[in-house]
Amino acid sequence: MSESIQDRVLRVIATTRRVPPETVRADSTFEELGIDSLDRINILFELESEFDIEIDDEHAKQVTTLQQMIDGITQLVDAKNAHPPED
């Protein structure tokens, strides 16, 4: 069984922050996890790579919880899958 988008997002965050995966939950806030602006940039780069998507910087600045991030990534992945690039 493949990982869900939520599991993948949480794994990327735990790996990027070098914290135990069990400490990263969907209902966590960036503040609770000690994620600062530099961490957010690194996480965004990793998520873009993980999901092969582009995350809009302005939208990313509005995100304050991991659930919002998961929801946003899910929307981007769904949109990408609905309109695959033409070769």
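Laboratory data are not the source of any read-out in this text; all were calculated from the coordinates shown. Please read these numbers as outputs of a predicted model, since none were measured by experiment. Quick reminder, even Gly has a Cβ in these numbers, built from the backbone with ideal geometry, and neighbours come from all protein chains shown.
For this structure, a couple of remarks:
- Any pair with Cβ under 7 angstrom, 6 or more apart, that starts in the range 6-30 at a residue that is within 16 Å of residue 50 (Cβ to Cβ) and ends at one that is of a type in the set (Gly, Ala, Ser): 6/26; 10/26; 21/14; 24/14
- Scanning the range 33-56 for residues that are touching a residue at least 12 places away in the same chain (Cβ under 8 Å), more than 13 Å from residue 76 (Cα to Cα) and over 10 Å from the mean Cα position of the chain (by Cα) yields 33, 34, 35, 39, 42.
- Test: residue in the range 19-40 that is touching a Ser or Thr at 6+ places or on another chain (Cβ under 6 Å) and aliphatic (A, V, I, L, M): no
- Those residues of the range 52-87 which are β-branched (Val, Ile, Thr) and under 18 Å from residue 24 (Cβ atoms), in sequence order: 63, 64, 65, 70, 73, 74
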